[in-house]
Every structure is written in structure tokens, then in C-alpha cells.
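Below are the C-alpha cells for one structure; questions will follow.
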């Protein structure tokens with residue numbers, strides 16, 4: 001025992017050593033606010049306005065990093081219904097989202113339109129308000145939306161995949177610069193300083209390419225005359241598609257991880273000249 005620090009002791013029991021070991025490791029890694037400090041966190045959630053006896057709990061991303069939400073949900077289950085609205089891309093369509101606690105733990109998962117064989121999935125459609133904007137007659141440039149860095153898949157060398165992705169983005173920027181197309185790079189909020197430095201250096205001698213310093217909404221971008229290019233399989237494509245607004249998908253990662261039953265959607269994009 002270190003001075004000022006306490007230790008936890010766990011005993012492995014039962015006939016399934018793999019499952020029991022996983023449970024022990026999970027308990028060891030769980031933060032104080034969700035274990036010893038559960039009641040204190042729950043009281044803080046109540047003080048923030050969480051209902052004491054909810055009948056339905058809905059979220060799109062509270063299950064991720066919101067400790068108050070987590071303890072509130074744990075306390076309310078199983079008497080309350082747990083409903084999750086899809087937040088983000090790849091759910092149900094990509095093979096990389098086979099492990100989705102938010103999908104498997106909820107009573108009802110409102111998807112952006114896919115259904116599949118998963119129990120409890122309802123193809124609700126677009127959850128965000130419809131994108132309404134008066135499109136300008138002339139496009140003055142493009143905003144290129146970049147994906148986050150893939151670093152959660154520990155079974156593969158994601159560093160090489162990320163490096164290849166951003167190098168392909170650099171090549172695209174060089175081509176757009178040669179064509180004198182005004183290009184703004186929209187970095188993901190989780191982009192590391194290392195990757196930002198790489199991109200800043202890559203475009204510093206490209207007069208028509210710059211990294212966006214702000215994050216205007218798609219509505220404001222479109223209204224200002226900027227066309228939108230997605231550098232990954234974004235739900236923004238669904239927002240624009242349902243509004244009848246053209247977009248383009250540049251997919252450096254390829255489509256190898258898209259489930260076969262959804263490939264026809266991407267073939268349609270490619271045949272319409274909207275995918276590369």
C-alpha cells in the first residue's frame with residue numbers, strides 16, 4: 001500500500017475463469033465515482049435535475065463520458081425503459097461496430113434508418129432537425145470533414161492506418177490546390193496535436209488550402225457558398241441526402257468494412273459521381 005492510497009482486493013470464484021477475470025479487471029478499472037462514490041455521484045445527478053423515479057431514460061451519447069448519467073441509469077434500471085438515439089456513424093452498417101454496449105444494453109435503439117437483425121433496433125430515421133438552407137448559385141470552395149483518429153482497435157496496428165489516411169488527405173489537398181479550389185479542412189474535435197502539426201506542415205505551402213479555425217454548422221457553411229466533402233462515412237451525408245443537397249464522399253479508408261447488405265448504397269453514390 002502506497003502512502004495516501006488505498007488498495008482493493010478481489011477474489012476469483014466460479015467455473016468460468018475468463019468471465020470472472022474480466023469482471024475483476026473491470027471492477028479494478030472502474031473510476032471511484034462509479035463504485036465507492038456511487039451515492040455521491042447519484043446525489044450530484046439529482047441536484048443537476050435528473051429525475052428521481054424516471055419511467056423512460058433517453059440519450060444519444062450520455063453513456064459515453066457522463067458519470068452522472070451512468071449512475072442515474074444504473075439506479076433506475078430495470079424499472080425504467082432505456083432508449084438510445086443513434087449518435088455518429090457506422091452503427092449497423094460497418095463491421096467495426098459489432099461491439100456496441102449502447103445498442104445491446106438499451107431496450108430500444110433508434111437508428112438512422114438501418115434495421116438489420118439486431119433485436120430492439122427501430123429504423124427511426126433522422127433524429128436531428130431537418131437541414132434547411134437556401135443553396136447559393138455558385139460554390140466558392142469546399143470544406144473537407146475529416147474523421148477522428150482510430151485508436152481504439154487494439155487488435156491491429158492503427159497507427160499505420162491513420163498515417164495512410166492523413167497522407168491520402170494530403171494528396172487530395174495538393175490536387176485541389178493545383179486546381180485552385182479553396183479548401184478548408186475541418187478537423188475532428190479529438191484530433192491529436194501530432195496529427196494537427198502534420199496537416200499544418202503539409203498545407204503550409206498550399207495557398208488555396210487552410211485548416212478551419214472555427215466550426216460553423218453545415219447550414220452556415222452551405223449558406224456561405226461552401227460545398228461539403230466528407231472524408232469518412234459520416235451521418236452528415238444522411239442529413240444532406242434527406243434534404244436533397246449534393247455532397248461528395250472521399251473515402252481513403254475504402255469500403256471493405258461495409259456490410260454486404262449495404263454495399264448497394266455506396267454503389268449508387270459511385271455511379272452518381274459522388275464517391276471516390
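Values in this text are rule-based calculations from the coordinates and carry no lab data. Keep in mind that what you see is a predicted model, and the values were worked out from it rather than measured. Note that we place each Cβ from the backbone using ideal geometry, even for glycine, and neighbour counts take in every protein chain shown.
In what sequence do 65, 183, 191 fall when counting other Cβ within 10 Å, fewest first?
Values: 65 8, 183 23, 191 17.
Lowest to highest Cβ neighbour count: 65, 191, 183.
Can you tell me the orientation of helix 158-178 relative to the chain, as the angle in degrees between its alpha-carbon axis and the longest Cα principal axis, to the nearest 10?
20 degrees
Here are some values of volume of the Cα convex hull per residue in Å³: (1) 200; (2) 275; (3) 132. Which one was computed from this structure?
It is the value labelled (1).
Of the beta bridges DSSP finds with both residues in the chain, what % are antiparallel, to the nearest 5? Could you put the intermediate results ahead of the total?
Values: 1 of 26 bridges.
Taking every DSSP beta bridge within the chain, about 5 percent pair in antiparallel fashion.
Rounded, prolate or oblate: which fits region 138-276 when a ≥ b ≥ c are the square roots of the eigenvalues of the alpha-carbon gyration tensor, with rounded for a/c under 1.5 and prolate only if a/b beats b/c?
Values: a/c = 1.59, a/b = 1.01, b/c = 1.57.
Judged from the Cα gyration tensor, region 138-276 comes out oblate (a/c at least 1.5, b/c at or above a/b).
Highest GNM mean-square fluctuation, the chain, Cα pairs closer than 10 Å: which of 129, 54, 101?
Of the options given, 129 has the highest mean-square fluctuation.
Measure nothing fancy, just the Cα-based angle from helix 38-47's long axis to the longest principal axis of the chain, in degrees from 0 to 90, nearest 10.
Tilt of helix 38-47: around 60 degrees.
Continuing with the same structure: Among 55, 147, 132, which one shows the highest mean-square fluctuation when the chain is modelled as a Gaussian network with alpha-carbon springs under 10 Å?
Between 55, 147, 132, it is 55 that shows the largest mean-square fluctuation.
A further question on this structure: How far is it, in nm, from the label point at residue 16 to the one at residue 264 when both lie 7 Å from their Cα along the line to the Cβ?
Taking the two extended label points, one gets 3.8 nm.
Given the Cα-Cα distance of residue 179 and residue 151 and 0.36 nm per residue of separation, how much length would full extension add, in nm? If you can, show how the numbers build up before the last one.
Numbers: separation 28, 0.36 × 28 = 10.08 nm, distance 3.34 nm.
Fully extending the segment from residue 179 to residue 151 adds 6.7 nm.
What angle, in degrees between 0 and 90 and rounded to the nearest 10, separates the Cα long axis of helix 17-29 from the longest principal axis of the Cα atoms of the chain?
For helix 17-29, the angle is close to 80 degrees.
Could you tell me, in Å, what Rg and Dmax come out for the Cα atoms of region 104-214?
18.6, 52
Got the relative contact order for the chain handy, in percent, Cα pairs under 8 Å and 6 or more residues apart?
Across the chain, relative contact order equals 15 percent.
Roughly what would the spin-label model give for residue 161 and residue 33, points 7 Å off Cα along C-beta, in nm?
2.9 nm
Can you put 100, 194 in order, fewest other beta carbons within 10 Å first? Please list the in-between numbers first.
On the way: 100 16, 194 9.
Going from sparsest to densest Cβ surroundings: 194, 100.
Restricting to DSSP H runs of at least four residues, report the calculated mean residue ellipticity at 222 nm for the chain, -39500 (n - 2.57) per run over all residues, nearest 500 deg cm²/dmol. All intermediate terms of the calculation are to be shown ahead of the outcome.
Details: 10 runs with 96 residues, N = 276.
Helix contribution divided over all residues of the chain: -10000 deg cm²/dmol.
Cut-off is 10 Å between beta-carbons; in what order do 121, 181 appear when sorted fewest neighbours first?
Details: 121 19, 181 16.
Neighbour counts put them in this order, fewest first: 181, 121.
While we're on this one: Taking only Cα atoms and a 10 Å spring cutoff, compute GNM fluctuations for the chain and point out the largest among 49, 225, 125.
Between 49, 225, 125, it is 49 that shows the largest mean-square fluctuation.
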